[in-house]
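Reading through the structure tokens given below for one structure.
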Amino acid sequence: MYRGRGASSLSVCSAMARRSSLFIRIVEGKNLPAKDITGSSDPYCIVKIDDETIIRTATVWKTLSPFWGEEYKVHLPPNFHSVSFYVMDEDALSRDDVIGKVCLTRNTLAEHPKGYNGWMNLTEIDPDEEVQGEIHLKIEILNSELSRKLRCTVFEARDLARKDRNGASDPFVRVQYNGKTQESSVVKKSCYPRWNEAFEFELDESFTEKLTMEVWDWDLVSKNDFLGKIVINVNGLQKDLQEEGWFRLSPGKSKASMDEGNLGSLQLQVRLRDETVLPSDYYKPLVELLCQEVKASYKEKCGPLITLIDDTTSAECRQEVATNLVKIFLGQGLAKEFLDLLFRLELEKTNEPNTLFRSNSLASKSMESFLKVAGTQYLHSVVGPTINRIFEEKKYIELDPSKLEIKEAGCSGLHRIQTESEIILQSAQCLQSYLTDLLIAIAKSVNTCPVTIRATFRQLYRRVEECFPENKHMNVKFIAVTSFLCLRFFSPAIMSPKLFHLREKHADARTSRTLLLLAKAIQNVGNMDAPASRAKESWMAPLQPSIQQGVSQLKEFIIKLIDIEEKEELDLQKSLNLQNLTVKEGQLMVYKTKCKGYLLSSSFKKLFLSLTADALNFAKTQFSKTSSFIPLSRIRALEKVEEKSFGNSNVMQIIYTDETGSLEALYLQCKCVNELNQWLSALRKVCVNNANMLCSYHPGVFKGEKWSCCHQKDKGGAGCDKTRHEVTLQEWNDLLNPDLEAQLIFKHLTGVREQMKEKYVELTECDYTGKSHSSSDPAKTDSVTQLFQTLQDLEAAHDSFLSDFPSIADQEKKYLLEL
């Protein structure tokens, strides 16, 4: 059915990986044109990487200056070409309008190593520029006694643009050389056409003429649509006499009259990062050195390595370094010990308890990242129900008299306009209800909180209690916990549920204000109802009774949360590791191919899917027993399906082997492109180490007697498109990738090596108490010296691998051309 990966020819590549990632932040738009009769628009953004839709933002209704503030990180192949941002206007009754686009090429991003950040004008969509796909060609020079000819064999094309209403095109090829033109036959209803036609031309002996191939969509009534072109310099063929391979289609000439600047602009932050990740053994010395430091410092004085990292990490990269370190130590089972070391470093520098963990230090950023990585499911279970209730009820709530809008309240049951005091009273009652629900959910969540989080909070509580005794600082140890749990975890998720994947869409203005007020209330509870909080926003006074009651509830919760002994922690962690933890779950429409004939969207059946580290499980409902499952080891490809196959653009396929070893396909229909890409990403990540993954697949379905994509009649024939295993979306709760995390830390430490050396000289001469030292601790000196030697060894390994990489790339290219 499809071809598998080559083993021997790419064995070197398997040892080393080239990985690219794009950080994308879609900030806002301004001065967009009005597309609706109301004089406004309902804008959203679509992000495409090499013409494949990866992301769709939420729609911001009735505005010409939308704010999105959505962030994404996409892992993708190093050879991608461009990332495009399309601003769309959502329409309920007709096809969505395209407002404009912004395109950033890979080369443009490479010129901005710190990332591109700024406003870009939207440009009009030019149909001749909207091309995609590749074409498989063979160009050769034929020599004979009588003449020399140029032969161009057009085999096939893949992933062409869809120009017709049926979700496909009717492509043909037009070949031009030396003033002559020849055309291929038309392949109807396919974006994966196969021609296998050859065209011959008399060779221009001066070799100045270029061979041009254009792909067109044939139309019976209207004019043909341009699908892309290839221009080949024939002079380059003289040496080898032939060239064969897949060529990316290029746009035609851009129209000079394209409007620019009249369609508004888009503010973006985009950063490209390319990493060469070495085999695991190369990173072991660095990881082991960091782990030894954390283990040794857990019950003794803080060692120099983490201290040096803390002191030399700038605010600009602190969040990223914190996340990488947290993931490394989580993978090594030392997250609690690492965070405890940072807590102690922070406490050593803090004399005023009111400022404890309030800055964006490495300790604060690391704990924040730890909660996101280890506690996402816990966050959803605690905060999710209250968030959903607020979205469903959509009540007008306001406590601040300066922001009150009487008209928003409407009429009361007595058909009179409500007074200001009545609105505030009703608002207070609603907020008290939401706050009570949330506090009850928190109080009941002790046993569902991950063991590693509980143990880490226990360490934090104890360390703060040692530095700030109860008799002088009654609430400091509680506030230390709530400063992370409430202020940096629960509260941001309440204010922006879309960004924490609690909701699919952003809140409207009314709901957003309710969420903000609830977030302020939980912050006041987390601050233990501090007088400063009360004085700052006195209009929050109607919530005071609930806040005071919440303080008592939260203290009881924290005492129970940290009441976990070392033995119990180990036992709970062991049982947790034995469980088949859920990676992703949800209800989807499912179709299994077991019959001939036409596949219809009505053939799909609604099932509840649960993805674990071992299998994809199916059940009738969330609470039903598993009715069937697919072991992940049997999965061979995870790809999207053409829209025309089922009349839906959000269908994916899982290609797997059954008990007999035969390949089967399972189709999953998702609600939107975001859900589709989330499931694709999750499945690709858990199958990353699967053997015999396919290199090609069919994006269509086999119905009737042929494939809908390329019209092949052999059901087991080679796929007509390449698989895209590398493209994934990064989530907080991703499976750990220790080699990549170690590579990123190595890169950071190499960049600050000189600052670390200077700082270490200062630390050995004078400690934090100001006392001078005539000599340094030999053990410390050894660990620091060992770090610098380890960095030097890794640099040498990188240089060696990179010098060999072009030959590896050539091997891969040669292999891919054989497909």
In the chain, if the dipole is taken from +1 on Lys/Arg beta carbons and -1 on Asp/Glu beta carbons about the Cα centre, which of Leu263, Ile440, Trp246 is farthest to the positive end? Ile440
Counting only protein heavy atoms and using a 1.4 Å probe, what share of the accessible area of the chain belongs to carbon plus sulfur, as a whole percent? 49
Using +1 at the C-beta of Lys and Arg and -1 at the C-beta of Asp and Glu, which of Met88, Leu305, Phe489 has the Cα lying farthest in the positive direction of the dipole of the chain? Phe489
Computed magnitude of the charge dipole of region 268-418 (debye, nearest 20; Cβ of K, R +1, Cβ of D, E -1): 440
Cut-off under 15 Å on the C-alpha distance; same-chain residues fewer than 8 positions from Lys759 excluded. Which aspartates and glutamates are left, in chain and number order? Asp310, Asp311, Asp767
Dipole moment magnitude, nearest 20 debye, region 675-729 about Cα centre, only Lys, Arg, Asp, Glu C-beta charged: 60
Measuring with a 1.4 Å probe in the full set of protein chains, what accessible area per residue, in whole Å², belongs to the chain? 48
Among Trp707, Ser610, Cys695, whose Cα projects farthest towards the positive end of the dipole of the chain, with charges put on the beta-carbon of Lys, Arg (+1) and Asp, Glu (-1)? Ser610
Suppose every Lys and Arg Cβ carries +1 and every Asp and Glu Cβ carries -1, with no other charges. What dipole size does the chain come out with about its Cα centre, to the nearest 20 debye? 2080
With every protein chain present, what accessible area does Asp799 have (1.4 Å probe, heavy atoms only), rounded to the nearest 10 Å²? 100
Restrict the search to region 648-705; then list the trypsin sites (Lys or Arg not before Pro) that DSSP places in a loop and that have at most 16 other Cβ atoms within 10 Å of their Cβ. Lys671
Reach of Lys189 by Cα under 13 Å, taken over aspartates and glutamates that are not fewer than 8 positions away in the same chain: Asp159, Asp164, Asp170, Asp217, Asp219, Glu642, Glu643
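Per DSSP helix of 4 or more residues, -39500 (n - 2.57); summed, then divided by the residues of the chain. What does that give at 222 nm, rounded to the nearest 500?
On the way: 21 runs with 299 residues, N = 819.
Calculated mean residue ellipticity at 222 nm is -12000 deg cm²/dmol.
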Amide H to amide H under 5 Å from Lys584: which residues, 5+ apart in sequence or cross-chain, H placed 1.01 Å off N in plane? Leu611
For region 345-503, what number of Lys pairs, 8 or more residues apart or on separate chains, have alpha-carbon atoms under 22 Å from each other? 15
Too long for a 24 Å Cα-Cα cut-off, among Lys163/Lys703; Lys584/Lys640; Lys48/Lys114; Lys336/Lys536; Lys73/Lys505, are Lys336/Lys536
The distance between the Cα centres of region 176-225 and region 456-478, in whole Å, is 76
Enumerate the amide H contacts of Asp721 below 5 Å, restricted to partners 5 or more residues apart or on another chain; note that Pro and chain-start residues carry no placed amide H. Tyr697
Taking every other residue with Cβ under 11 Å from the Cβ of Lys620 and scoring Lys and Arg +1, Asp and Glu -1, one gets +3
Cross-link partners among aspartates and glutamates for Lys284, C-alpha distance below 15 Å, same-chain residues fewer than 8 apart left out? Glu293, Asp739, Glu741, Asp793, Glu795
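The values are calculated or read from the model by the stated rules, or taken from the named source; none is laboratory data. Everything numeric here is computed off the predicted structure, so don't read it as measured data. Neighbour counts are summed over all protein chains in view; Cβ atoms, including those assigned to glycine, are modelled from backbone coordinates with ideal geometry. Note: areas computed on protein heavy atoms with side chains; ligands, DNA, RNA excluded. Shrake-Rupley method; radii C 1.70, N 1.55, O 1.52, S 1.80 Å.
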